[in-house]
Amino acid sequence: MKITSCRFEQAAGRPQDEPRFRGPCVVLLGRSNVGKSTLINRLVNATGLARTSSQPGRTQTINFYRVNESWFFVDLPGYGYAKVPVAVRRAWGPMVEGFLDRARDRIAMALLVVDARRQPVDSDLQMREWLQARRIPYVVAAVKSDKLSASERARAARALEQGFGASTGADRPVMISSRDASGIRELWKQVDTVLSATGTR
């Protein structure tokens, strides 16, 4: 897909704050600080578009990035970080689940973002099951693979496949490096295929 434009559209903490434009969405899901914002920046080749932070739990709103004036990347708050204040954690669940349910018919696919160096945790598996139950196409995007050697990367890919059960092709991770962009073309191919089916380019 050729990116002709991409911009930050809206940060939403409530349903009424979400953009009125109802184009298809590609949502990014994953643990806090896993690298969803960095992945968005790499996908659209725009350093600093999506704000990144070394502090887990930084993203506390649903962030919409409008691509080619026709669809959205949607960066959802990360899950699973215990040190985030309890009140914030309690708000995140309804915020994220509410959006996923409200936008069900607009979600073209999901990128389930995991750390290539780590085994999937229960929350990753639960999110995968949620996507499967709703028949939302998804792909496991294993970021930070550039921190591994070639042999370690191969072992990590096998370990993630085993961790997710590799019951479908979607469970076989795409190994992503934000440093040298390896895996980005493969990931775009899958995103493009799904969006093309909706008539979106």
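The values are calculated or read from the model by the stated rules, or taken from the named source; none is laboratory data. Note that the coordinates shown come from a computational prediction; the quantities given were computed from them, not determined experimentally. So basically every Cβ, Gly included, is an ideal-geometry build from the backbone, and we count neighbours across all protein chains shown.
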Long-range neighbours under 7 Å by Cβ, at least six apart or interchain, first residue more than 23 Å from Gln126 (Cα to Cα) within the range 152-164, second among the polar types (S, T, N, Q) and crowded, with 18+ Cβ neighbours inside 10 Å
Arg153/Ser145
When the range 149-195 is checked residue by residue, the ones that are in contact with a helix residue (DSSP H, G or I) (Cβ under 6 Å, 6 or more places away or on another chain) and over 30 Å from Asp105 (Cβ atoms) are Arg153, Met175, Ser177, Ser178, Arg179
Can you spot a residue in the range 161-173 that is among the charged types (D, E, K, R), surrounded by 13 or more Cβ atoms within 10 Å (Cβ to Cβ), out of contact with any Cys (no Cβ under 7 Å at 6 or more places or on another chain) and over 30 Å from Ala46 (Cα atoms)?
yes
Among the numbered criteria (1) in contact with a Pro (Cβ under 8 Å, 6 or more places away or on another chain); (2) over 22 Å from Val96 (Cβ atoms); (3) not in a loop (DSSP other than H, G, I, E, B), which one does Thr193 miss?
(1)
Applying the selection to the range 47-98, what residues are at pLDDT 85 or above and part of a loop (DSSP other than H, G, I, E, B)?
Thr61, Asn68, Glu69, Ser70, Leu76, Pro77
If a residue has to be at pLDDT 85 or above and of a type in the set (S, T, N, Q) to count, how many in the range 161-197 make the cut?
6
